[in-house]
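S.K.: Let me begin by handing over the structure; questions about it come next.
All of the numbers you see were taken from the coordinates with simple rules; none came from a lab. On a predicted model such as this, the values are computed, not experimentally measured, just so you know. No Cβ is skipped: glycine too gets one built from the backbone with ideal geometry, and neighbour counts run over all protein chains shown.
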Amino acid sequence: MEEWHKQNLEKLISRIVDQFSYLYKKCTENNDEIYGMTIHANSFCTTSYMAVAAHNQLKKEEDIELKWQLDEWVITVDDGMYADDFLDQFNKDMREYFGEIMLPKIQNGADEKEEIEKNIQFYIVGMKEAKELLVTILGLEIENIVFTVSVDEHPDVALRSALAINVYSELLREFVEYKNENS
């Protein structure tokens, strides 16, 4: 991991924990249960947003087919709500990292794919540690929620990250099966 990533890992973890906790509370208040959470990032992994999927989204029979389609996971922080402790603020830091560190390295001959992979690994490590913390804070039921990273132009990341972040559960098995059948 790059020095910048090491210095900012705790900040990422904190942002994930705070934003997920907010969404978890929001769903719980609506008598809903989250089964998946993704951080979706652009192709360089320099901007991202968090979305969760909950069982009440699957009300119709045809909705079941959408269960593991990450782009259908639409529960996010309310539009217009901005909080310094959510990912929005962290995106600013990531864009600065891209402009000040990552882009100059690529322009000077660094391998673009390797630089992107460093960011992917940063998010995977951050999510794994955040999930472990969330289990401690919110309870063991969090272990069953599938956490994943999805990245534009890198479809393999969702499955790879889910396997790295999560402990085995029935939901993880479903997700892996879906991704293997639909990749």
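S.K.: Starting from the Cα-Cα distance between Lys128 and Lys25, subtract it from 0.36 nm times their residue separation and give me the gain in nm to one decimal. Don't skip to the end; give the middle numbers.
M.R.: Working: separation 103, 0.36 × 103 = 37.08 nm, distance 2.02 nm.
Roughly 35.1 nm would be gained on extension.
S.K.: Here's a follow-up. Taking neighbour Cβ counts within 10 Å as the exposure measure, how do Ser43, Ser183, Ser150 sort from fewest upward?
M.R.: Working: Ser43 12, Ser183 9, Ser150 21.
Ascending number of Cβ neighbours within 10 Å: Ser183, Ser43, Ser150.
S.K.: Right, another one. Nearest 10 degrees, 0 to 90: what angle lies between the long axis of helix 112-138 and the longest principal axis of the chain (Cα atoms)?
M.R.: Between the helix axis and the principal axis of the chain, the angle is about 40 degrees.
S.K.: While we're on this one: Stretched out fully, how many nm does the piece from Tyr49 to Ser183 gain, at 0.36 nm a residue minus the Cα gap?
M.R.: 46.0 nm
S.K.: To test your reading of the geometry: what angle, between 0 and 90 degrees and rounded to tens, separates the Cα axis of helix 170-181 from the longest principal axis of the chain?
M.R.: Roughly 60 degrees, rounded to the nearest 10.
S.K.: Springs between alpha-carbon pairs under 10 angstrom, Gaussian network model over the chain: which of Leu66, Leu87, Leu159 fluctuates most?
M.R.: In the Gaussian network model the winner is Leu66.
S.K.: Here is a further query. Of Lys11/Lys105; Lys25/Lys179; Lys113/Lys179, which ones are farther than 26 Å apart at the Cα? Could the numbers behind the result be given before it?
M.R.: Values: Lys11/Lys105 23 Å; Lys25/Lys179 28 Å; Lys113/Lys179 23 Å.
Long pairs (Cα-Cα over 26 Å): Lys25/Lys179.
S.K.: Most fluctuating residue of Val167, Val151, Val52 in a GNM of the chain with Cα springs under 10 Å: which is it?
M.R.: Val167
S.K.: Shifting gears a bit: Order these by the 10 Å Cβ neighbour count, fewest first: Lys131, Lys11, Lys179, Lys92. Display every interim value, and only then the final one.
M.R.: Details: Lys131 23, Lys11 14, Lys179 19, Lys92 11.
Neighbour counts put them in this order, fewest first: Lys92, Lys11, Lys179, Lys131.
S.K.: Then there is this: For a quick check, take a GNM of the chain with Cα springs below 10 Å and name the residue from Gln89, Gln107, Gln121 with the largest mean-square fluctuation.
M.R.: Of Gln89, Gln107, Gln121, the Gaussian network model singles out Gln107 as fluctuating most.
S.K.: Once the piece of chain linking Asn42 and Asp18 is laid out straight, how much longer is it, given 0.36 nm per residue of separation minus the C-alpha distance between them? Before the final figure, lay out the partial values.
M.R.: On the way: separation 24, 0.36 × 24 = 8.64 nm, distance 2.15 nm.
The Asn42-Asp18 span can extend by a further 6.5 nm.
S.K.: Relative contact order, percent, of the stretch 67-183 when contacts are C-alpha pairs under 8 Å separated by at least 6 residues?
M.R.: Working: 69 pairs, mean separation 23.1, N = 117.
Relative contact order of the stretch 67-183: 20 percent.
S.K.: Round to the nearest 10 and give me the degree value, 0 to 90, for the angle of helix 3-29's Cα axis relative to the longest principal axis of the chain.
M.R.: That works out to roughly 20 degrees.
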